[in-house]
Amino acid sequence: MPRLGVLGWPVAHSRSPAMHNAALAFLEMFDWRYQRLPVPPELFAETTRALGRCGFVGANVTIPHKQAALALADGASDAASAIGAANTLTFASDGTVAAENTDAPGLISALGSSPRGLRALVLGAGGSARAAAWALREAGASEVSVWNRTSERARTLARDLGVRAVGKPEPADLLINCTSVGLQGPAAPVPSGRHGRSAAMSSLAESETLGQLGETLGQLGLTPEAVGEYPYVVDMVYQAEGPTPLIAAASARGARTLDGLEILLAQGALSFELWTGRAAPLEAMRGALRGADERH
């Protein structure tokens, strides 16, 4: 049985299995299977090297392994090498591992319009941030800035990729969150007057939720009000139900938004085609990602 998977730590939240298994079923590739592969950093190289011998054809790579994935590969595409991170590995019959980065073209495809001439701000300094910064630069963004809570990491990324590191989030036309902040967002506000709650109790619950929202956005160097200053907000993160805090705040202030599921779809389709040689059935994959009964 040919096998595929997604390497991460944590990885329980990933919807990649639902998306890829839906694609395999749609194409009647019933002997293939895609699964989660939870692997801590200290076991990543050893485990990944063994996958080819266990019947794996390929694997996606997510937080926090994207730079490690490139380091262990025997060969890499020009894009993955330039970015300094890989999110897609292919295992050959001779035991070698090839690295690719589909995050970069996946992001540009999911945006829906060219970022040429736009000022872009990337939040984060890991593998996804590297892919985003490189992709935006290559696509003609007029300026690409990077902010990270650990400023030295932002400076290293900026130096490697020829973009700007900033000490705090600056105004931009396009904001992209490439951190894991928001993976577990605040609870939904409690509507006033339900279940016999007094107006005071409801207001208190809503205030607590707003406080949680502010705390979450604060980890990105933002406030709910500041989010409204960005016309287009993209979040690489997605949740099992509802928008992330960043997307919720941006939508409430009238910004154009793009959530992580559409980016996951775009990059996943490219990985799928690389491994199988078949055209990715996008609507079947999107349906699995957004299906009401999915909890992956």
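Here are some notes:
- Residue-count net charge about Tyr230 - beta-carbon cut-off 13 Å; Lys, Arg +1, Asp, Glu -1: -2
- Acute angle (nearest 10 degrees) that the helix 199-218 long axis makes with the longest principal axis of the chain, alpha-carbon atoms: 50
- Shape of region 1-58, Cα gyration tensor, a/c cut at 1.5: oblate
- Furthest towards positive pole of dipole, Phe56, Ala226, Gly117, structure part the chain, Cβ charges: Ala226
- The Cβ shell under 14 Å around Glu152 holds other residues with a net charge of +3, Lys and Arg each +1, Asp and Glu each -1.
- Between Phe91, Phe44, Phe26, the residue with the greatest mean-square fluctuation in the GNM of the chain (Cα pairs under 10 Å linked by springs) is Phe26.
- Charging the Cβ of each Asp and Glu at -1 and of each Lys and Arg at +1, and nothing else, the dipole of the chain about its Cα centre rounds to 200 debye.
- For the chain: relative contact order, % (alpha-carbon pairs under 8 angstrom, 6 or more apart): 17
- The P(r) of the chain has a tail past 27 Å containing 42 percent of all C-alpha pairs.
- Of the peptides 247-258, 125-136, 108-119, 75-86, the order by per-residue mean of other Cβ atoms within 10 Å, starting with the highest, comes out as 125-136, 75-86, 247-258, 108-119.
- For region 47-63, backbone phi angles converted through the Karplus equation (6.51, -1.76, 1.60; θ = phi - 60°) give residue-by-residue couplings of 5, 5, 4, 7, 4, x, 6, 9, x, 7, 8, x, 8, 7, 10, 10, 3 Hz, Gly and Pro being listed as x.
- Here the sum of -39500 (n - 2.57) over DSSP H runs of 4 or more residues, divided by the residues of the chain, equals -12000 deg cm²/dmol at 222 nm, to the nearest 500.
- In degrees, nearest ten, helix 127-138 long axis to first principal axis of the chain (Cα): 90
- Sorted by Cβ neighbour density within 10 Å, fewest at the top, the residues Trp147, Trp9: Trp9, Trp147
- For Tyr238, no residue whose modelled amide H falls within less than 5 Å of its own remains once neighbours fewer than 5 places apart on the same chain are excluded.
- Rounded to whole numbers, the Karplus 3J(HN,Hα) couplings from phi for region 20-26 are 6, 5, 5, 5, 4, 5, 4 Hz, using 6.51 cos²θ - 1.76 cosθ + 1.60 with θ = phi - 60°, and x at Gly and Pro.
- Taking every C-alpha pair closer than 8 Å and separated by at least 6 residues, the mean separation divided by the residue count of region 1-89 gives a relative contact order of 35 percent.
- Which of Lys168, Lys66 has the fewest Cβ neighbours within 10 Å, and the rest in rising order: Lys168, Lys66
- Proximal charge balance of Ile176 [Cβ under 15 Å; K/R count +1, D/E count -1]: -4
- Whether region 1-158 is rounded, prolate or oblate, judged on the alpha carbon gyration tensor where a/c under 1.5 counts as rounded: prolate
Read the figures in this text as sums done on the coordinates, not as results from a lab. Remember, predicted model here, so these are calculated numbers, not experimental data. Every residue, glycine as well, gets a Cβ built from its backbone with ideal geometry; the counts of neighbours run over all protein chains shown.
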